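The values are calculated or read from the model by the stated rules, or taken from the named source; none is laboratory data. Because the structure is a prediction, the values reported are computed rather than measured. Methodologically, a virtual Cβ is constructed for each residue, glycine included, from the backbone with ideal geometry; neighbour enumeration extends over all protein chains shown. These accessible areas exclude ligands, DNA and RNA; they are computed on the full protein's heavy atoms, side chains included. Shrake-Rupley method; radii C 1.70, N 1.55, O 1.52, S 1.80 Å.
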Amino acid sequence: MTPSTSETKSRKRLFIRTYGCQMNVYDSERMRDLLIPLGYEPAEAPEGADLVILNTCHIREKAAEKVYSELGRLKPLKEEKQAAGGQMTITVAGCVAQAEGAEIQRRAPVVDLVVGPQTYHRLPELIARVHRERGEALETEFEAEEKFDALAAPKRHVEGYTAFVTVQEGCDKFCSFCVVPYTRGAEYSRPAAQITAEVRALAAQGVREITLLGQNVNAYSGEPPAGEEAGGRWGLARLIRHLALIGGIERIRFTTSHPNDMDDELITAFGGEEKLMPYLHLPVQSGSDRILKAMNRKHSSAQYAALIARLREIRPDIAMSGDFIVGFPGEQESDFEATLRLVEEIGYASAFSFKYSRRPGTPGAAMAGQVDEAVMAERLARLQALLDTQQQAFNASMVGRKLPVLFEREGRNPGQLGGRSPYLQAVHCDGPTGLIGHIAMVEILSASKNALGARLLNGESCAA
Ligand code: SAH
Ligand code: SF4
Ligand code: F3S
């Protein structure tokens with residue numbers, strides 16, 4: 001085999017497919033940033049790629065199964081590549097990798113490498129090992145241990161004006177239905193200085209809006225920057241206030257939060273910190289106290305509603321979002337009705353709802369009273385009908401209002417721009433491309449379930 005030249009290196013194609021939550025989206029971007037300096041070039045499709053990474057999600061059974069069907073589709077592509085004298089290295093990363101480990105390669109021998117969410121920074125070294133085992137020439141970069149350290153913090157390449165920034169990872173809550181504490185490990189918060197440096201670099205590349213990510217982002221408890229409040233830790237509110245001072249950053253969001261970690265300082269920040277957007281994703285999962293207890297959520301339905309009432313006192317227009325699970329073991333019709341009542345009481349701007357999925361290794365999987373599939377489907381349909389009506393009503397309530405929109409891209413139709421309202425609604429509006437990357441005032445003219453149509457306050461108009 002001949003050693004790689006810089007010419008062949010520039011031709012190595014990398015395809016990453018991302019499943020699951022925004023933290024996986026962030027991790028995929030970081031893997032890409034880690035591999036670009038090693039001569040990989042991002043590709044739009046897996047056909048002919050030298051390296052394919054499936055960044056997987058284990059949250060529900062369907063999510064995990066998708067990985068195996070995708071691996072089935074990759075097998076002939078890998079064989080084609082081999083027949084043409086090349087190699088396609090297939091890597092499974094993310095939460096399925098963590099949960100199933102070596103079992104993946106047993107079930108799908110097409111996989112060359114399995115790497116969990118905590119170890120993906122070792123990808124270059126691991127890929128080098130696969131190449132070595134195949135008897136292929138090594139890239140010199142792969143051999144230099146110290147280079148890996150340098151690569152642990154590669155420059156982020158961002159496209160566009162919004163970016164995710166992981167500030168916290170892992171979860172210590174152990175809700176009885178959930179795999180995340182097992183796949184992502186214990187809670188860990190990144191030091192504030194590291195986050196600040198990352199956000200400054202994003203702002204310098206034109207990013208205007210950041211979304212701080214964590215499985216339990218509001219449990220953030222990070223080391224303060226040197227010279228600030230030595231000894232104490234910073235909570236999320238303190239971090240947000242600090243990041244809000246960075247020039248260029250106009251909007252800050254965070255997700256996902258747990259009701260029990262919404263402290264006073266964070267609630268108050270919705271009133272005082274202008275850059276913190278009036279939108280909060282705060283999953284409750286169920287409206288029944290009996291089910292919440294079995295889920296190990298450690299809060300009641302009334303405590304959740306009281307928390308939102310306080311948020312609305314501070315910030316009356318705050319848009320609420322949530323997650324719901326129907327059909328948790330033991331859920332009776334009366335428990336489900338309690339969920340519907342809670343939804344009626346809160347009024348959501350958007351929400352995600354799921355049928356309970358039995359996850360091996362979680363306490364819920366072993367509980368008595370597993371709910372029939374047909375019952376779950378029927379409850380989910382009723383819940384989603386209610387949530388859809390609320391989302392539609394929330395959007396309709398915007399018609400006639402004037403809102404600041406961050407324009408992010410050109411719209412589907414010529415001359416149209418696409419952006420987001422403070423409440424995270426998609427907004428379409430005719431306007432000059434020069435507005436992309438800027439915030440401009442619009443008047444909302446129309447609303448559908450998923451988008452708003454608007455006109456720029458200096459003229460042009462369009463429909464949703
Ligand atoms: N850390 C976040 C997100 C967890 S995963 C939180 O605490 O809310 C996102 C959502 O997936 C959860 O909020 C829950 O609604 C859903 N989910 C998690 N495990 C599930 C399971 N076993 N079955 C169905 N839905 C599940
Ligand atoms: Fe899962 Fe509960 Fe942790 Fe959220 S808080 S990640 S639902 S265990
Ligand atoms: Fe899925 Fe892992 Fe995120 S299980 S939801 S990708 S933390």
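The table below gives the values:
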quantity: Principal axis box of the range 290-397, alpha-carbon based, largest edge first, Å; calculated: 42, 27, 24
quantity: DSSP beta bridges in the chain [antiparallel fraction, %, rounded to 5]; calculated: 35 percent
quantity: Burial ranking of peptide ranges 316-322, 235-241 (average Cβ count within 10 Å, highest at the top); calculated: 235-241, 316-322
quantity: 5 angstrom amide H check on VAL284, placed H, neighbours 5+ away; calculated: ASP323
quantity: Over 23 Å (Cα to Cα) - which of LYS12/LYS78; LYS275/LYS298; LYS62/LYS298; LYS275/LYS449 fall in this group; calculated: LYS275/LYS298; LYS62/LYS298; LYS275/LYS449
quantity: Convex hull volume of the chain per residue (C-alpha atoms, cubic angstrom); calculated: 165 Å³
quantity: Estimated vicinal HN-Hα couplings, Hz - the range 205-217 in sequence order (Karplus 6.51, -1.76, 1.60; Gly, Pro = x); calculated: 8, x, 5, 10, 10, 10, 10, 7, 10, x, 4, 9, 4
quantity: Under-5 Å amide H pairs with THR89, H placed in peptide plane, nonlocal only; calculated: LEU51, VAL52
quantity: In Å², nearest 10: area of GLU29 left accessible to a 1.4 Å probe; calculated: 50 Å²
quantity: For LEU445, distant residues with modelled amide H under 5 Å away; calculated: GLY400, GLY453, ALA454, ARG455
quantity: Between 0 and 90°, nearest 10: helix 373-396 axis offset from the chain longest Cα axis; calculated: 70 degrees
quantity: Loop-located GluC sites (Glu not before Pro) in the range 30-78, at most 15 other Cβ atoms within 10 Å (DSSP); calculated: GLU44, GLU47
quantity: For the range 341-355, 3J(HN,Hα) per residue [Karplus equation, 6.51 cos²θ - 1.76 cosθ + 1.60, θ = phi - 60°, Hz, x = Gly/Pro]; calculated: 5, 4, 4, 4, 5, 6, x, 9, 7, 6, 6, 10, 9, 9, 6
quantity: Relative contact order computed over the range 211-252 (Cα-Cα under 8 Å; 6+ residues apart), in percent; calculated: 33 percent
quantity: Whole-number accessible area per residue in Å² for the chain, which is evaluated in the context of all protein chains at 1.4 Å; calculated: 44 Å²
quantity: Ellipticity estimate at 222 nm from DSSP helix runs (n ≥ 4, -39,500 (n - 2.57)) divided over the chain, nearest 500; calculated: -10500 deg cm²/dmol
